[in-house]
Structure formats: structure tokens, C-alpha cells
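This report concerns only the one structure given below.
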Amino acid sequence: MTRTPTAVDPDTDYILPTTTNTLGRDNKLRDTEVVPTHQHKISQAKELRKKEETLRPVSSAHEIHYKMDSGTGHSGESKFVETGHGTFSKGTDVQEFYRDCNVFITGGTGFMGKLLIEKLLRSCPAIKKIFIIIRPKRGKSPEERKEKLLQCVIFDSLKATNPIFHEKLVMVSGDISLPNLGLSTLDYEMLSQQVNIIFHMAATVKFDEKIKIAVPINIIGTMEIINLCRKCVSLKSIVYVSTAYSNCHLKEIKERFYNPPLDDDEIVKYLTTVDEVIMEVIKPKILGGWPNTYTFTKAIAENILRKTANDLPISIVRPSQVAGALKEPLIGWIDNIYGPNGAMVGIGAGLLKTGIRKGNLKSDIIPGDLVINCIIVAAYDVGVR
């Protein structure tokens, strides 16, 4: 197992609880144990910070101005002008990695997906296209869904500085829980011919999700992504976003793979056919040491990558509890109340006045924008190895 960058708080050098595993280009999967992320030395954190700083925009052939408003965290001034020939000046190593690349994102309409799309468009302006898979909605076309996505406040800065940025976004109708990702034959062929980088972030994150729903999305969807990766003719890199709690039944978790709760793909698929009443009775035995269907399915998905994709350039990123943005594109921005965010809302509203906790335990929480930085650099890191 080789190491990909971890997320670092740029103000404190404290390494935040995000970890990655890499299946490298040498077709070898390394299961060697490594030091947990939070125990890395400060010198390593500083070295990584230099890589993450490479995500800052650079000058085009005409001009670019980028200034962060310290009061809001929003880009107070940002101007990017393409040349008449559509060329850009040379950027940083990370930006050059994404130059003229087509990116495919699952989960693009979720919290993390929006942050990733905004960051790529703002910090890697030479990117070619971003394909986003969306589930069909009755009465709404992909373009209407796209307009709704772009109404999010985090895209306001891009609208002001580059009004045509939306032309780089391409919505494709599909469903990751279905065969061939629910894509039309034409769209599947188009993606396999054009996509260079894949970010698989789609998942159901409900802890109490029914197994017959969680398995198709979190497990079978990952299998389908692997199938697509094998069809891609110009694939450079894949990032699978898992969770730091995929093996939370263990007291100590390191940056390595662990044995999953189930290792038989056919049995896993069979779970989706079991009657719901029967499933509720046998679910505790099926989950074993895993506390919920979310961590259970994520652990199985990681193992599927280990078994079936160890010849592909894949990085697994395991964020802990993801909170609002630390700095960009807006300080504190978030659009959900999952995990720690729900607790904060309850406390802020005065609904939660007391709670029980173990005083010797710390809650691992990481800002969403730092996770996105890690994901972007992880794709670069595994792609150039």
C-alpha cells in the first residue's frame, strides 16, 4: 500500500482525520501497515501543504486576479480570461494534471459533490468537461436539474468571474444502483471514450438505511463503477470516497485493508431479495460487529476494490465526520444536517441541552473543503505514480 496525501489544516499544521489507501499503477496492492494519519510528523504535514497549495488558480495568457476575502472566505476578486485560441499559461503540477481532462462524478448533487465541482472549476480552469450522473426525475430534464444545481450560492463567485463556466458541466441521466449505472448505451459509450478521471462519491449515508436499498447503492454501484473504469480507454485516475468508520468495530484503525463482514458477492446480492420482515429479524446477525448498514456496506465495497480493481489506478479516501467548509468557497457553508451538523443545529436551536459522552474520547470532525482538497490531490497523486 502506498500513501496518498492527507488533508492538513493550513493554519495549524494539524493533520486532520482523513486517510487514503492506494492501489498503484505497479499492479500491486500493498497491505503493509502504516502509521495512522493523526500521528504523522509535522514535517510531513508541511510537505503536503505545499501540494495542496498547488490548487490555487494561476494566470492565464491574459490575466487572473485571485484574492480571498478574509471576512467571508469567499473569493472577493477572481478574474479568469481565456485567450482567443483557448490556451492557458502553464499551471501548477496539480492543475496541469487536470488540464484538458474529462471528469466523471457520482454524487455530484450532494454536499461533497457540489464542493468538488466548484473547486475543480475554480482552481483547475483548464479542465475540459465534468460529467455528472443524476437520477431521472419525473417532469424534469437533465438541463433543468443542472439549473437547479447551479442555483446553489457556492457557484455565485464563478458566475461573476466566468459566466460561461456552466458549459463545462454535462448532466447524464442514470442510476448507480442499476446495471451499467442506468446509463443509455450512447451515454455509456461516450463516457468510456472520453472520461479520464472518476470520482465515485455517491452513497446512501443513512445509518438506518434498509439493506435492500443500501446494498445496491453502496456496493453494487461500486461494482458498476469498476466495470466502467475497465471500459475507459484513457483513464488516468479513480478516487473512491469511503469513510473512516468502515472498520469502526476495531479499536485501532490504520491505513490498510481489513477483512469485510461478507466476502461472497453472490450472498451480498442475495441480501437485496430477502423479505423486509425477515431481514429485520436476521439483520443483527448479518451486520456482526458493524453498527449500521452504512459502515457495513462501505466495508464490503472497499473489499470489492481490493479483490477486483487492484490493477487500476485507484485511491480510497476515508473522511471522518464531515462538517461545513473551513474557508472556501464560503466559510462554514453546508447544506445538510447529517452527523455532527445535526447535533450542532440542535444545540444552537436550544433543543439539545444535555448529552452523555465518554470524556476520554475525541470526536473526529473535518471541514468539507479540506476533504475536497485531499480528494483532488489524491487523484493527482495516484495518477502520476
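The values are calculated or read from the model by the stated rules, or taken from the named source; none is laboratory data. For clarity, every value in this text was computed on a predicted model and none was experimentally measured. Reconstructed Cβ throughout: ideal geometry from the backbone, glycine too, with neighbour counts over all protein chains shown. Quick note on the areas: whole protein, heavy atoms, side chains included, nothing else; ligands and nucleic acids left out. Shrake-Rupley method; radii C 1.70, N 1.55, O 1.52, S 1.80 Å.
Taking region 143-181, which residues are of a type in the set (Lys, Arg) and open to solvent by 20 Å² or more (accessible area, probe 1.4 Å)? Result: Arg145, Lys148, Lys159, Lys168. Total residues in region 296-309 satisfying the condition of being β-branched (Val, Ile, Thr) and over 10 Å from Pro261 (Cα atoms): the figure is 2.
Among the residues in region 290-309, are any open to solvent by 40 Å² or more (accessible area, probe 1.4 Å) and aliphatic (A, V, I, L, M)? Taking every residue of region 290-309 in turn, none turns out to be open to solvent by 40 Å² or more (accessible area, probe 1.4 Å) and aliphatic (A, V, I, L, M). Checked against the criterion of being open to solvent by 30 Å² or more (accessible area, probe 1.4 Å), modelled with pLDDT of 90 or more and within 30 Å of Arg122 (Cβ to Cβ), the candidates Ile331, Ile316, Ile225, Ile278 yield just one match: Ile331.
Within the set Leu287, Leu370, the sole residue that is at pLDDT 90 or above and either in contact with a Lys or Arg (Cβ under 8 Å, 6 or more places away or on another chain) or buried (at least 20 other Cβ atoms within 10 Å of the Cβ) (or both) turns out to be Leu370. As a summary of the residue check, Ser184 satisfies the conditions (1) surrounded by 18 or more Cβ atoms within 10 Å (Cβ to Cβ); (2) among the polar types (S, T, N, Q); (3) free of Cβ contacts under 8 Å to residues at least 24 places away in the same chain except for the one numbered (1). Set side by side, the residues Asn259, Asn247 differ, and just one is open to solvent by 70 Å² or more (accessible area, probe 1.4 Å), under 30 Å from Pro313 (Cβ atoms) and within 27 Å of the chain's Cα centre (by Cα), which is Asn259. Annotation: of all residues in region 185-201 being farther than 28 Å from Ile213 by Cβ and part of a helix (DSSP H, G or I), the one that is farthest from the chain's Cα centre (by Cα) is Leu186. Residue check: Met190 meets all listed conditions (1) crowded, with 17+ Cβ neighbours inside 10 Å; (2) within 14 Å of Asn102 (Cβ to Cβ); (3) among the aliphatic types (A, V, I, L, M) but one, namely (1). Residues that are closer than 30 Å to Phe155 by Cβ and exposed (fewer than 11 other Cβ atoms within 10 Å of the Cβ) were ranked within region 334-366; the one that is modelled with the highest pLDDT is Ala349. Scanning region 68-120 for residues that are in contact with a strand residue (DSSP E or B) (Cβ under 8 Å, 6 or more places away or on another chain), at pLDDT 80 or above and of a type in the set (S, T, N, Q) yields Asn102, Thr106, Thr109.
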